[in-house]
Number of protein chains: 2
Amino acid sequence: MLGVWPENPHQSQVLRLLRDNGPASRAELGDAVGLSRSKVATELDRLLERGLIETVGPAASRGGRRSSIVRIAAATRFLSVNIGATTIDLAVTDGELRVLSRVTERTELRLGPTAVIGQALELINKVRADSGTTRFTGAGIGIPGPVSFREGVPVSPPFMPGWHRFPVREMFSTELGCPVLVDNDVNIMALGEKHAGIAKSFDDFLFVKIGAGIGAGIVVGGAVYRGANGCAGDIGHTAVDEEGPLCVCGNVGCLEAYFGGAALTRDALAAARSGRSDHLAEQLDQAGTLTAVDVAHAAAAGDPVAIGLVRDGGRRVGQVLASLVSFFNPGMIVIGGGLAGMGHALLAEIRSVVYRSSLPLATGDMPIVLSEMGDQAGLVGATRMVSDHVLTTT
Amino acid sequence: MLGVWPENPHQSQVLRLLRDNGPASRAELGDAVGLSRSKVATELDRLLERGLIETVGPAASRGGRRSSIVRIAAATRFLSVNIGATTIDLAVTDGELRVLSRVTERTELRLGPTAVIGQALELINKVRADSGTTRFTGAGIGIPGPVSFREGVPVSPPFMPGWHRFPVREMFSTELGCPVLVDNDVNIMALGEKHAGIAKSFDDFLFVKIGAGIGAGIVVGGAVYRGANGCAGDIGHTAVDEEGPLCVCGNVGCLEAYFGGAALTRDALAAARSGRSDHLAEQLDQAGTLTAVDVAHAAAAGDPVAIGLVRDGGRRVGQVLASLVSFFNPGMIVIGGGLAGMGHALLAEIRSVVYRSSLPLATGDMPIVLSEMGDQAGLVGATRMVSDHVLTTT
């Protein structure tokens, strides 16, 4: 691949097919692209000549002239960098987006962008040396906050002092010398689910991340829909109660003021201190603090207060999703993120509210499911995002 | 045009340009389509040969060989049929979607589809004779309820007994012998705003119809987004209050249970009968009944109760739109439909809630405006919808 782009839409289509489905015979590619044998031969020869693809061997005969099998050049490397609240998660993939090496390190977003991106670049040099990569064809960067996708900069991300409008894309692309795209983590996870997850065969779906915050990735026609300013999918600050608690955003009654990491920690501490939950009180005694993960464990262990918190949260999420289902009529909803580990109690509550409150025509055959990809969604999604970009004729 | 389709994407692009921008020189079309002079000549000759376009005359010289001006064949006719709760509104346009003749007749949806469609077909025969049209290139049909766009049938439309899954598209296409598309009125109005209204230069926007019911048309990338089952945009049954009044749909606290034609009539009658509004009481005395239009008039005349009803409604609509703005991040919101005539009191309230409650990044430069097309939106939108279809290579 080595930094060269497809010259026309046919080459682009061939490269995407090889990325998504692996090696294929010239004859199969001709069929898939809808070109004559001689025309597809011209495009494939050109891709071979430029080193974007390579021949693997002869194909099984289909009668007539023998075809050969080609694949995306084995030297193709994509980079995935997922910056989270407390970790940097990094992976190198081949041209078929298979993870070749991966490394995770603790970080603190609050240290500011220069320190965190510096740490990421050191990590990149390390995996680059380990994997013998001379250069990347493209890199996808995920950030846990709103991003102006067009400019490649975070925009007013909460809890990330110093990151507002910091030139994240520019800093990475200068160092890496390859195309770089930056997006928020939720959109990237949605793309991961589209590429290799449960939503693979869906063109229009919602990915909902429930973690420290709550956000949605919107997929329309197989691609992420980002909206007019790139901030589509912000459902964490949907008002679920006009008289609700004050939210960090300054409004009252936002979904995130009820559910998500911070709200659960607040409610768990209250339950532990008031003596309503022995389980949480014990955990607080032992660890000196409580997190959303403790609530998940307590709920799994049968603690009624913790189960109540999960149910209440699921009901609020369900309320918001119900109106989005009527509005957006998705083919599927995939629930992921750290708190998706709360699993079936949460899912049952969300389902119950959505199926009860949305338009019957919209929910008729719409599954609401838990992600099966875990933290792979972000890793795969970031390389899918940048490879979509690199493999498109400009 | 006469029922023949473009043979390739270049022809399709040429025909759309001529539809949207009117006559153009061969040289301009070559530039716009990005083809060489000889290649565009081949496609234009083919379109001339097949009668889809025709030459108008010579173009002004740009130096070099003289170019000629072409346009969509003058005999091209599209048909627009908008079936409303109480009227059938019908128009014939030319290939540039200019209305050539138009007719409106009262009807009653409750008479059932056979009677209403029969009446529409009679009207069509009348305008066909009047306008000397031998055949239509395509017809777009609007229905005031949910439609399965793929199948061309209404799906459980409220207040339309007998219409559920009635083969509307088939009935029209059999009679007309041309391609027919059926969609709900809101999607069609959204397309009208995209084609010739205030949203002409926007690719991602929301059209919100406030009339007997409340619904949204979602435009993504310049085309209507219909969702997995074709029912996207149903915002009338978004819950705005868990303890609210019972809605016709069986849930409680839906937006339409608070605002829209039926809710306003209910509230206006209550205000007139309880003596809270002299203005409405007088109107009730005179006419024997009250409608949403009376509320609009009373509000315009300064009746405080009527103004209160409009404001309350605007606030509820604003609440729903605020969460959709954060979710969908549209470039613009256009408010249309019968009650948009309530004008600026309604608009002010909607704006106030949306701008206060949505993500600042999403509302930064997002206008919320009243439609300027009135009932033209549906007429133009229906022909835009079917011409988009006819002018696409299959």
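Points to keep in mind about this one:
- Pseudo-label separations to other copies for A:LEU111 - Cα-to-Cβ vector, 7 Å, nm: 7.7
- For region B:2-55, the Kirkwood estimate of hydrodynamic radius, built from reciprocal distances between every pair of different alpha carbons, is 11.0 Å.
- Distances between copies at B:ARG356, taken between label points 7 Å from Cα along the C-beta direction, are 3.0 nm in increasing order.
- Rounded to 5, the percent of DSSP beta bridges in region A:199-371 classed as antiparallel: 60 percent
- Two-site FRET efficiency, A:ASP312 against A:LEU111, from Cβ-Cβ distance with R₀ of 41 Å, rounded to 0.05: 0.75
- For chain B: relative contact order, % (alpha-carbon pairs under 8 angstrom, 6 or more apart): 16 percent
- D_trans [Stokes-Einstein, Kirkwood Rh over alpha-carbon pairs] for chain B, 25 °C, 0.890 mPa s, µm² s⁻¹: 109 µm²/s
- Cβ-based exposure ranking for A:THR238, B:THR265, in which fewest neighbours within 10 Å come first: B:THR265, A:THR238
- Annotation for region A:112-208: trypsin sites (Lys or Arg not before Pro) lying in DSSP loop with at most 15 further Cβ atoms inside 10 Å of their Cβ are A:ARG135, A:ARG150, A:ARG165, A:LYS200.
- Proxy reagent accessibility, fewest Cβ within 10 Å first, across B:MET385, B:MET189: B:MET385, B:MET189
- Exam field: B:THR87 pseudo-label spacings to other copies (7 Å along Cα-Cβ), nanometres: 6.2
- Within a Gaussian network of chain B (alpha carbon springs, distance under 10 Å), most fluctuating of B:GLY57, B:GLY337, B:GLY112: B:GLY57
- Semi-axes of the equivalent ellipsoid of region B:200-372 are 29, 17, 14 Å, computed as sqrt(5λ) over the eigenvalues of the C-alpha gyration tensor in descending order.
- What the Cβ-Cβ distance of B:ARG165 and B:LEU100 gives, at R0 = 30 Å and to the nearest 0.05, is a FRET efficiency of 0.35.
- Region A:210-242 and region B:194-231 have their alpha-carbon centroids 19 Å apart.
- Sequence-distant residues sharing a close amide H with B:ASP203 (under 5 Å, placed H): none
- Chain B residue nearest by beta-carbon to the axis mapping B to A, with distance in Å: B:VAL220, 3.
- Averaging over all projection directions, the Cα-based convex hull of region B:281-364 occupies 5.7 nm² in the image plane.
- FRET efficiency, A:THR134 to B:ASP278 (Cβ-Cβ, R0 60 Å, nearest 0.05): 0.10
- Value of [θ]222 nm, deg cm²/dmol, for the protein assembly as shown, DSSP H segments ≥ 4, -39500 (n - 2.57) each, nearest 500: -13500 deg cm²/dmol
- Centroid-to-centroid separation of region A:85-116 and region B:73-109 [C-alpha atoms, Å]: 58 Å
- Of B:GLY261, B:GLY381, B:GLY221, the residue with the greatest mean-square motion in the GNM of chain B, using alpha carbon springs below 10 Å, is B:GLY221.
- Annotation: amide H of A:GLY138 within the under-5 Å range of A:LEU79, sequence separation 5 or more or interchain, hydrogens built in the peptide plane.
- Ordering B:GLU151, B:GLU349 by the number of other Cβ atoms within 10 Å of each residue's own Cβ, fewest first, gives B:GLU151, B:GLU349.
- Mean shadow area of the protein assembly as shown over all directions, Cα convex hull, nm²: 40.0 nm²
- In region B:71-135, the alpha-carbon atoms span a convex hull of 72 Å³ per residue.
- For chain B, built as a Gaussian network whose Cα springs stay under 10 Å, the top-fluctuating residue of B:GLY217, B:GLY132, B:GLY233: B:GLY132
- Here the spin labels are modelled as points 7 Å beyond Cα on the Cα-Cβ line, and at A:THR42 and B:ASN21 they lie 2.8 nm apart.
Each value in this text was obtained by applying a stated rule to the coordinates, not by laboratory testing. Please read all numbers here as calculations on a predicted model, not as lab measurements. Cβ: placed from backbone, ideal geometry, glycine included. Neighbour counts: every protein chain shown.
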